[in-house]
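The values are calculated or read from the model by the stated rules, or taken from the named source; none is laboratory data. This one's a predicted model, so the numbers in the text were calculated from it and none came from an experiment. Backbone-built Cβ (ideal geometry, glycine too); neighbour counts: all protein chains shown. Accessible surface is based on the protein model in full, side chains and every heavy atom, while ligands, DNA and RNA are left aside. Shrake-Rupley method; radii C 1.70, N 1.55, O 1.52, S 1.80 Å.
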Amino acid sequence: MSTQLLFRDDAYLKTATATVTAVTDKGVELDQTIFYATGGGQPGDHGVVVRQNGERLSVVDTRKGEGLGSIAHVLAPGSVRLEVGEPLVLELDWERRYALMRMHTALHLLSCVVVAPVSGGNVGVDKGRLDFDIDMSLLDAEKITREASALIARGVDTRTVWITDEELDAKPELVKTMSVQPPRGAGRVRLLEIPGIDLQPCGGTHVRNIGEIKGLVVTKIKNEGKRNRRVEIALVE
Ligand SMILES: [Zn+2]
């Protein structure tokens, strides 16, 4: 059974109610969730599920479930086994998620400052990175920091746009990532738009306004192989 992804419409939900629909080897599946599952370079969410008797169980990871469109909430080892049909209250580890939202959105800006195909990437709480298929001599840490900071200062609102598979096929230039193609077949694809700055397919969680990123700095540029020049960033307050 597929899980309704509440964070797709509102990435700022910190709590919600849900009902257990399945318990598998992968974890607990729910009818709806605020927990993002590992994917697209963004790690799965952490948090807590609260049972009706008040018992709190830690969610230590969130992953794709067994069924198409289902999400598995991974409980801490030794947790009691939940029952199908059991109602729960979900509580997100918001501090961690918000840091990931800021970092994730910052990487969208990085992909605009460095104009080259993206060959990899990873969103972390303390650092994030994108790998580019670009000549090393074209990467200047100070220049990238300065230009990305100038974008953040514009304080633009982000927005979610949905297009059909056919519309995406007609605009292949929207896809910057060489390794990850957006999921097709569902009939429509989700895009993140930062008006005047960026538009690309993305299923992750983002801040409402790029000003919330506050600031970023390029901490490292590494040569990771012919098609992988790695640009690492950290957020600054
Ligand atoms: Zn994104």
>> Given a 1.4 angstrom probe, I'd like the percentage of the accessible area of the chain that is carbon and sulfur, rounded to a whole number.
In response: 51 percent
> Within region 77-211, what percent of beta bridges assigned by DSSP are antiparallel, to the nearest 5?
Replying inline: 95 percent
> In Å, what is the Rg of the alpha-carbon atoms in the chain, and how long is Dmax?
Replying inline: 18.8, 60
>> Students often get this wrong, so check it: of 26/222; 64/171; 64/127; 26/226, which have C-alpha atoms separated by over 32 Å?
In response: 26/222; 26/226
> Hey, what angle do you get for helix 94-113 against the long axis of the chain, alpha-carbon based, 0 to 90 degrees rounded to 10?
Replying inline: 30 degrees
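Given 0.36 nm per residue, what is the gain on full extension from residue 96 to residue 157 after removing their alpha carbon distance, in nm?
Separation in residues times 0.36 nm, less the Cα-Cα distance, equals 19.8 nm.
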>> Compute the helix-to-body angle for 141-152: its Cα long axis versus the longest principal axis of the chain, expressed 0 to 90° and rounded to tens.
In response: 60 degrees
>> Quick check: residue separation of residue 50 and residue 142 times 0.36 nm, minus the Cα distance between them. What number comes out in nm?
In response: 28.5 nm
>> Of the candidates 81, 51, 102, which one comes out as most mobile in a Gaussian network treatment of the chain with C-alpha springs shorter than 10 Å?
In response: 81
> How large is the accessible surface per residue of region 1-89, computed with a 1.4 Å probe and reported in Å² as a whole number?
Replying inline: 49 Å²
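Size of the dipole of region 1-107 about the Cα centre, Lys and Arg at +1 and Asp and Glu at -1 on the beta carbon, nothing else charged, in debye to 20?
260 debye
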> How many nm is it between the label spots at residue 60 and residue 10, if each spot is 7 Å from the Cα in line with the beta carbon?
Replying inline: 3.1 nm
> Given the protein chains as shown and a 1.4 Å probe, how many square angstrom of residue 222 are accessible, to the nearest 10?
Replying inline: 70 Å²
>> If you average the alpha carbon positions of region 29-83 and of region 118-139, how far apart do those two centres end up, in angstrom?
In response: 29 Å
> Between residue 173 and residue 19, what is the label-to-label distance in nm when each label sits 7 Å out along the Cα-to-Cβ direction?
Replying inline: 4.8 nm
